[in-house]
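Here is the structure we will look at.
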Amino acid sequence: NEQLPHDKSLDNSLALMQEGYQFISNRVNRYESDLFEARLMGQRVICMHGEEAAKLFYDSDRFQRKGAAPKRIQKTLFGVNAIQTLDGEEHIHRKLLFLSLMTSEHQKRLAELAKNEWKASIKLWKHADHIKLFDEAKVILCRIACHWTGVPLSESEVKERAEDFSNMVDAFGAVGPRHWKGRRARPRTEDWIRGIIEDVRAGKIEANKGTAMYEIAFHKKLDGTTLDAQMAAVELINVIRPIVAIATFITFSALALYEHPNAKENIRNGDEATLERFAQEVRRYYPFGPFLGARVKKDFTWKNCDFKKGMLVLLDVYGLHHDGRIWNKPNEFRPDRFQDWDGNLYNFIPQGGGDPSQTHRCPGEGITVEIMKATVDFLVNKVDFDVPEQDLSYSLVRMPSLPESGFVMKNIKEKALH
Ligand code: HEM
């Protein structure tokens, strides 16, 4: 890659930790190139930015996921050998299982469960000096995710289980203690869920057809056999853990409502579409997934750049959402921009790009957006609260990011009907 800009440093791993969400876009701007080569953890990596690069990234003839996710990510965020690492027919077959669990009826059901939980919480919050929205959201989401999937969960364990799911996510951009927290949370959660899968298969716990528990426990692979209990547990965790992770978008939503009274006012007087545009803008504007990784499947050349078989590529996610070529005034929070957005599969990819039934794009976007909408509607229309002095700043270096205080609320009461 003679033409391709390279960083002069021997290895960019430290820079990645220091620049976080902006690592790729900083260099894209410096080199005035949507592609550049870096060295990360001792490997040559092509970093890519932009809508065209996103389209390329989702070409499954050119890229594969096998061998792309480092073991440290598999042992915290994904689970070893989970759907995220599959390719080809095996991937599509597994993906259909996930997509069958996330239909619009399921999305509505989860949103309804969330709404009821939020409403019921007011009674408890009334007596508290203050609450931290991020912590409340994790517990509520864990409770509804387990209920909806069919995982028995007692009230005495919900808090610790929620923390474990959340710590698996919190580990993804970390080295040191934060990584190890996730690394301990995963086997503890896998042991628990694997035990339940085994009990369901043995008929000791009842599971209803159509629930994630049932469909994953009795799913048949292409060869006609069921998943081994460990793999089934990993995939069921791949449904529950990301629901708990919606707590991050919920906390950023509360921050957005607080910082943008106009947007809040529009929701108070608005319809479903207003709510939806707000949720979309939260997913665009705030940092969550920084970038995505894949490996080159076979040699090819694109825009004068040689992609060599086995090379790692990283696709910029955060940077794409803040690219002025795609988003007018990208650093302003403006939900109305989604009025003109055409549903493009490659320029708005907070949960991946392409067609979810054909690519690794997240199957849980509908669930995410519906739960966000139910929660934002609650925060705007169902509850009154004060926002005391606190540190609401969030980092673009720490991955994943979150408002520092977790969004503290005080003097919470039901909104009077008017
Ligand atoms: C995949 C983000 C919520 C289940 C993904 C991917 C991203 C993502 C970036 C990978 C896309 C790719 O590799 O090309 C998010 C974010 C969420 C969220 C930011 C909000 C909290 C959910 C929910 C579920 C879910 C609610 C399920 C209920 C999955 C699964 C995959 C996935 C199973 C793997 C898909 C595959 O490999 O084919 N998600 N997701 N996610 N997500 Fe989500």
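Going through the stretch 362-389 one residue at a time, which ones are more than 10 Å from the ligand (Cβ to nearest atom), touching a residue at least 24 places away in the same chain (Cβ under 8 Å) and either touching a His at 6+ places or on another chain (Cβ under 9 Å) or charged (D, E, K, R) (or both)? Step through it out loud before you land on a result.
Looking only at the stretch 362-389, we keep the residues that are more than 10 Å from the ligand (Cβ to nearest atom), and these are 373-389.
Filter again for touching a residue at least 24 places away in the same chain (Cβ under 8 Å), leaving 373-388.
Passing the criteria: LYS373, ASP377, LYS382, ASP384, ASP386, PRO388.
Can you work out which of the residues in the stretch 44-101 that are in a helix (DSSP H, G or I) and among the basic types (Lys, Arg) is farthest from TYR214 (Cα to Cα)?
Initially, the stretch 44-101 is screened for residues in a helix (DSSP H, G or I), giving 51-57, 71-78, 83-85, 88-100.
Then keep just the ones that are among the basic types (Lys, Arg); that gives 55, 71-72, 75, 94-95.
Numbers: LYS55: 35, LYS71: 29, ARG72: 29, LYS75: 25, ARG94: 15, LYS95: 16 Å.
Step by step, filter the stretch 44-101, then rank; the result is LYS55.
Would you pick out the residues in the stretch 343-361 that are farther than 18 Å from TYR286 by Cα and near the ligand (Cβ under 8 Å from one of its atoms)?
Selection gives GLY354, PRO356, THR359, HIS360, ARG361.
Of everything in the stretch 39-69 that's over 22 Å from SER25 (Cβ atoms) and without any contact (Cβ under 8 Å) to a residue 40 or more places away in the chain, which residue is surrounded by the most Cβ atoms within 10 Å (Cβ to Cβ)?
Within the stretch 39-69, the match that is surrounded by the most Cβ atoms within 10 Å (Cβ to Cβ) is ASP59.
All but one of (1) surrounded by fewer than 17 Cβ atoms within 10 Å (Cβ to Cβ); (2) at pLDDT below 95 hold for ALA174; state the number of the condition that does not hold.
(1)
Identify the single condition in (1) within 24 Å of LYS410 (Cβ to Cβ); (2) not in a helix (DSSP H, G or I) that ARG143 does not satisfy, given that it satisfies every other one.
Result: ARG143 passes all but (2).
Condition first: closer than 15 Å to GLY289 by Cβ and of a type in the set (Phe, Trp, Tyr). Now tell me which residues in the stretch 382-406 satisfy that.
TYR394
Could you go through the stretch 361-369 and let me know if any residue there is out of contact with any strand residue (DSSP E or B) (no Cβ under 9 Å at 6 or more places or on another chain) and over 21 Å from ARG94 (Cβ atoms).
The answer is yes; a qualifying residue exists.
Considering (1) away from the ligand (no atom under 11 Å from the Cβ); (2) open to solvent by 10 Å² or more (accessible area, probe 1.4 Å); (3) assigned to a helix (DSSP H, G or I), say which one ALA232 fails and leave the rest.
(2)
Could you please give the count of residues in the stretch 403-414 that are part of a loop (DSSP other than H, G, I, E, B) and open to solvent by less than 40 Å² (accessible area, probe 1.4 Å)? Steps first, answer last, please.
Just the residues of the stretch 403-414 that are part of a loop (DSSP other than H, G, I, E, B), to begin with: 403-407.
Pick out the ones that are also open to solvent by less than 40 Å² (accessible area, probe 1.4 Å) and you get 403, 405-407.
Adding up the residues that qualify gives 4.
Hey, does the stretch 102-111 have a residue that's among the hydrophobic types (A, V, I, L, M, F, W, C), loosely packed, with under 14 Cβ neighbours inside 10 Å and at negative phi? Walk me through it before giving the result.
Start the filter on the stretch 102-111 by keeping residues that are among the hydrophobic types (A, V, I, L, M, F, W, C), which leaves 102, 110-111.
Next, only the ones that are loosely packed, with under 14 Cβ neighbours inside 10 Å stay: none.
Within the stretch 102-111, not a single residue is among the hydrophobic types (A, V, I, L, M, F, W, C), loosely packed, with under 14 Cβ neighbours inside 10 Å and at negative phi.
Would you check if there is a residue in the stretch 312-325 being within 15 Å of the ligand (Cβ to nearest atom) and part of a helix (DSSP H, G or I)? Give the derivation first.
Residues of the stretch 312-325 within 15 Å of the ligand (Cβ to nearest atom): 312-321.
Adding the requirement that they be part of a helix (DSSP H, G or I) leaves 320-321.
Within the stretch 312-325, one or more residues are within 15 Å of the ligand (Cβ to nearest atom) and part of a helix (DSSP H, G or I).
Could you grab the pairs with beta carbons closer than 6 Å, sequence gap of 6+ or different chains, first residue in the stretch 1-22 and closer than 16 Å to PHE172 by Cα, second one open to solvent by less than 30 Å² (accessible area, probe 1.4 Å)?
SER13/LEU40; LEU16/PHE23; GLY20/MET399; TYR21/PRO287; TYR21/PRO290; TYR21/TYR318
Report the residue count in the stretch 275-311 for those that are assigned to a helix (DSSP H, G or I) and either open to solvent by 20 Å² or more (accessible area, probe 1.4 Å) or of a type outside the set (Gly, Ala, Ser) (or both).
Kept after step one, since they are assigned to a helix (DSSP H, G or I), are these residues of the stretch 275-311: 275-285.
The next check asks that each one be either open to solvent by 20 Å² or more (accessible area, probe 1.4 Å) or of a type outside the set (Gly, Ala, Ser) (or both); those that pass are 275-278, 280-285.
Selection size over the stretch 275-311: 10.
Can you spot a residue in the stretch 390-397 that is open to solvent by 20 Å² or more (accessible area, probe 1.4 Å), away from the ligand (no atom under 16 Å from the Cβ), without any contact (Cβ under 8 Å) to a residue 60 or more places away in the chain and over 24 Å from the mean Cα position of the chain (by Cα)?
Among the residues of the stretch 390-397, at least one is open to solvent by 20 Å² or more (accessible area, probe 1.4 Å), away from the ligand (no atom under 16 Å from the Cβ), without any contact (Cβ under 8 Å) to a residue 60 or more places away in the chain and over 24 Å from the mean Cα position of the chain (by Cα), which makes the answer yes.
The values are calculated or read from the model by the stated rules, or taken from the named source; none is laboratory data. Since this is a predicted model, take the numbers as computed values, not measurements. As a convention, Cβ positions derive from the backbone with ideal geometry for all residues, glycine included, and neighbour counts pool all protein chains shown. Ligands, DNA and RNA are stripped out before the accessible areas are found, and what is left, the full protein with its side chains, is counted by its heavy atoms. Shrake-Rupley method; radii C 1.70, N 1.55, O 1.52, S 1.80 Å.
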